[in-house]
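**Student:** My questions will all concern the structure given below.
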Amino acid sequence: MEGKKSKEKEVKKGPKLAVCPVTKKCGSCAYQGVPYNEQVKKKKKEVAKLLKPYCEVKGILGMENPYEYRNKVHAVFARLKNGTIISGTYEANSHRVVAVDSCMIENQKADAIIRSVRELAKSFKIKIYDEDTGYGLLRHVLVRVGHHSGQIMVVLVLSNPVMPGKNNFVKALLKLHPEITTIVVNVNDKKTSMVLGDKEKPIYGKGYIEDTLCGLTFRISPKSFYQINTEQTEVLYKKAIKLADLKGKERVLDAYCGIGTIGMAAAKHAKEVIGVELNPDAVKDARANAKINGVKNIQFYQNDAGKFMVQMAAQEGKGAIDVVFMDPPRAGSDEAFMSSVVKLAPKKVVYVSCNPETLARDLAYFKKNGYEAKEAWAVDMFPFTSHVETVCLLSRKAQ
Ligand code: SAH
């Protein structure tokens, strides 16, 4: 009732939206209460300012419905002094847990499953892990939902591989949520801020989910990277592939390729695609994905992208690659990688970035070394948060 009242008050006050009750403590949504059209305007302006020395930002591609887009939901579990079990997120810059029941940017089924795990943990008397003492079993729950497929993976992150009452727990969870397609136990026995540990074992189903993206099927394992906003990922990839303007004859490199999504979407427009990715689980998924989709002109290598490119530049040299797609993590790329791109001299580089600051830094390097940024587009992959994705086309200057 109270929530409803305050919401009405907000609406009357003006265009401000209802604000999430834990937004201050959680800190993920910098744009809580800001109308969506203003959010995208601000993000476009921010990217345009950073990229101004290099190229024009043609626009920002936003969402029609900017809610419940997160297909991956992570909840950390904690036990309060009075014995209440809570699940949610870490307070900004701390290890205190903020209780979150439901979040407006997360998939609602995933949130409901996390609430059920919390209830079952109580009835099954599962000890909640205590970060200070290292005692207790249940640390985190991760839920991944296939946006198109509806398949759901639940990862229980435990401090110990032995879970008393495991079979009954699984049965009870499936009874509440028959839509779950796989449950995995991941063992994290270290005092670390990393969520997932090394060891994992499916206790129900295949241990991964599949989803479709740009008409292709992708298998996604617990530790593989997969873009968290599926609808906008399709928008992003379509733009990236359009900017590359492939004619079917090109040898294409997909660097930092994850489970091979961009490369596989590009493969039907190219002669050959080579993918490189550091995470072995993601490479395994990528190879399986090529098979599932019958894509024969793609090959994946597990390596550091920089090291791989240095080798390729030394062995194959100028002209070996026609187009490079690169999609590095937030830290951006490195000189080993970019200097090798310069040596291989592809005609085009399509840079996909989740951090416009490191993108701007890397564009400065490319500019100094014979590449001109032609155009960029911002894509709002993360409504309500301060994050923004950018795709930028670079072209090799005639020499
Ligand atoms: N293009 C993919 C993944 C992008 S995320 C997609 O759109 O889904 C960035 C990826 O870079 C992650 O999969 C991460 O594992 C990988 N990565 C991080 N550092 C790397 C490095 N040094 N060399 C190669 N890959 C790296």
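The values are calculated or read from the model by the stated rules, or taken from the named source; none is laboratory data. All values reported here derive from a predicted model rather than from experimental measurement. With ideal geometry, Cβ positions are generated from the backbone for all residues, glycine too; neighbour counts draw on all protein chains shown.
**Student:** Assess whether SER340 counts as being within 11 Å of the ligand (Cβ to nearest atom) and buried (at least 17 other Cβ atoms within 10 Å of the Cβ). Write out each step before concluding.
**Tutor:** Values: within 11 Å of the ligand (Cβ to nearest atom): no; buried (at least 17 other Cβ atoms within 10 Å of the Cβ): yes.
Taking the combined requirement at face value, the residue does not satisfy it.
**Student:** Restricting to the stretch 161-183, count the residues that are among the β-branched types (Val, Ile, Thr) and closer than 22 Å to ASP211 by Cα. So that I can check it myself, show each step before the final result.
**Tutor:** Step one: filter the stretch 161-183 for residues among the β-branched types (Val, Ile, Thr), giving 162, 170, 180-183.
If we keep only those that are closer than 22 Å to ASP211 by Cα as well, we get 180-183.
Within the stretch 161-183, residues that are among the β-branched types (Val, Ile, Thr) and closer than 22 Å to ASP211 by Cα number 4.
**Student:** Are any residues in the stretch 112-156 hydroxyl-bearing (Ser, Thr, Tyr) and in contact with a strand residue (DSSP E or B) (Cβ under 9 Å, 6 or more places away or on another chain), and if so, which ones? Break it down stepwise before answering.
**Tutor:** We begin by selecting, within the stretch 112-156, every residue hydroxyl-bearing (Ser, Thr, Tyr); these are 116, 123, 129, 133, 135, 149.
If the condition is that a residue be hydroxyl-bearing (Ser, Thr, Tyr) and in contact with a strand residue (DSSP E or B) (Cβ under 9 Å, 6 or more places away or on another chain), then TYR129, SER149 are the ones that fit.
**Student:** State whether one or more residues within the stretch 364-378 are out of contact with any Cys (no Cβ under 6 Å at 6 or more places or on another chain), within 15 Å of the ligand (Cβ to nearest atom) and at pLDDT 95 or above.
**Tutor:** no
**Student:** For the stretch 169-199, give me each residue that is in a helix (DSSP H, G or I) and either in contact (Cβ under 8 Å) with a residue 40 or more places away in the chain or at positive phi (or both).
**Tutor:** Of all residues in the stretch 169-199, those in a helix (DSSP H, G or I) come to 169-176.
Those that are in a helix (DSSP H, G or I) and either in contact (Cβ under 8 Å) with a residue 40 or more places away in the chain or at positive phi (or both): PHE169, ALA172, LEU173, LEU176.
**Student:** Take the residues in the stretch 174-199 that are among the hydrophobic types (A, V, I, L, M, F, W, C) and closer than 21 Å to ASN160 by Cα; name whichever of them is surrounded by the fewest Cβ atoms within 10 Å (Cβ to Cβ).
**Tutor:** Keep residues of the stretch 174-199 that are among the hydrophobic types (A, V, I, L, M, F, W, C), which gives 174, 176, 180, 183-185, 187, 194-196.
Next, from what is left, pick out any that are closer than 21 Å to ASN160 by Cα: 183-185, 187, 194-196.
Values: ILE183: 20, VAL184: 24, VAL185: 21, VAL187: 20, MET194: 9, VAL195: 18, LEU196: 19.
This residue is MET194.
**Student:** Suppose we keep only residues that are in a loop (DSSP other than H, G, I, E, B) and either buried (at least 22 other Cβ atoms within 10 Å of the Cβ) or hydrophobic (A, V, I, L, M, F, W, C) (or both) within the stretch 200-220. Which one would you say is farthest from the ligand (Cβ to nearest atom)?
**Tutor:** If we filter the stretch 200-220 for residues that are in a loop (DSSP other than H, G, I, E, B), which is where we start, we get 205-208, 214-215.
If we keep only those that are either buried (at least 22 other Cβ atoms within 10 Å of the Cβ) or hydrophobic (A, V, I, L, M, F, W, C) (or both) too, we end up with 208, 214.
Details: TYR208: 15, CYS214: 11 Å.
Among those residues, the one meeting the criterion is TYR208.
**Student:** Now for a separate question. Looking only at the stretch 228-251, which residues are within 13 Å of the ligand (Cβ to nearest atom), buried (at least 20 other Cβ atoms within 10 Å of the Cβ) and not in a helix (DSSP H, G or I)?
**Tutor:** Hit for the stretch 228-251 is ASN229, nothing else.
**Student:** Does TYR67 fit the bill of being under 30 Å from PHE366 (Cα atoms) and either small (Gly, Ala, Ser) or modelled with pLDDT of 95 or more (or both)?
**Tutor:** Details: under 30 Å from PHE366 (Cα atoms): no; either small (Gly, Ala, Ser) or modelled with pLDDT of 95 or more (or both): yes.
No; evaluated as a whole, the condition is false for this residue.
**Student:** Kindly establish whether THR358 is within 16 Å of the ligand (Cβ to nearest atom), surrounded by fewer than 22 Cβ atoms within 10 Å (Cβ to Cβ) and touching a residue at least 24 places away in the same chain (Cβ under 8 Å). Before you say what the answer is, go through the steps one by one.
**Tutor:** On the way: within 16 Å of the ligand (Cβ to nearest atom): yes; surrounded by fewer than 22 Cβ atoms within 10 Å (Cβ to Cβ): yes; touching a residue at least 24 places away in the same chain (Cβ under 8 Å): yes.
The answer is yes for THR358.
Each row is one residue, and each column tells you yes or no for (1) surrounded by 14 or more Cβ atoms within 10 Å (Cβ to Cβ); (2) assigned to a strand (DSSP E or B); (3) at pLDDT below 95; (4) of a type in the set (Lys, Arg).
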{"site": "MET63", "(1), (2), (3), (4)": "yes, no, no, no"}
{"site": "HIS74", "(1), (2), (3), (4)": "yes, yes, no, no"}
{"site": "VAL98", "(1), (2), (3), (4)": "yes, yes, no, no"}
{"site": "ASP111", "(1), (2), (3), (4)": "yes, no, no, no"}
{"site": "GLY150", "(1), (2), (3), (4)": "no, no, no, no"}
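**Student:** For the stretch 118-138, how many residues are assigned to a helix (DSSP H, G or I) and either charged (D, E, K, R) or touching a helix residue (DSSP H, G or I) at 6+ places or on another chain (Cβ under 7 Å) (or both)?
**Tutor:** First, the residues of the stretch 118-138 that are assigned to a helix (DSSP H, G or I): 118-123.
With the extra rule that they be either charged (D, E, K, R) or touching a helix residue (DSSP H, G or I) at 6+ places or on another chain (Cβ under 7 Å) (or both), the set shrinks to 118-120, 122.
Qualifying residue count for the region: 4.
**Student:** Need the failing condition index for VAL349 against (1) assigned to a strand (DSSP E or B); (2) of a type in the set (Val, Ile, Thr); (3) touching a Gly at 6+ places or on another chain (Cβ under 8 Å), just the number.
**Tutor:** So VAL349 meets the others, but not (3).
**Student:** Looking at the stretch 278-298, is at least one residue assigned to a helix (DSSP H, G or I), β-branched (Val, Ile, Thr), in contact (Cβ under 8 Å) with a residue 40 or more places away in the chain and surrounded by fewer than 17 Cβ atoms within 10 Å (Cβ to Cβ)? Break it down into steps so the answer makes sense when it comes.
**Tutor:** Of the residues in the stretch 278-298, the ones assigned to a helix (DSSP H, G or I) are 280-292.
With the extra rule that they be β-branched (Val, Ile, Thr), the set shrinks to 283, 292.
Imposing the further condition that a residue be in contact (Cβ under 8 Å) with a residue 40 or more places away in the chain reduces the set to 292.
From the residues that got through so far, the ones that are surrounded by fewer than 17 Cβ atoms within 10 Å (Cβ to Cβ) too are 292.
Looking for residues that are assigned to a helix (DSSP H, G or I), β-branched (Val, Ile, Thr), in contact (Cβ under 8 Å) with a residue 40 or more places away in the chain and surrounded by fewer than 17 Cβ atoms within 10 Å (Cβ to Cβ), one finds at least one in the stretch 278-298, hence yes.
**Student:** Just checking, does the stretch 306-318 include any residue being more than 16 Å from the ligand (Cβ to nearest atom) and surrounded by 15 or more Cβ atoms within 10 Å (Cβ to Cβ)?
**Tutor:** No, because not a single residue in the stretch 306-318 is more than 16 Å from the ligand (Cβ to nearest atom) and surrounded by 15 or more Cβ atoms within 10 Å (Cβ to Cβ).
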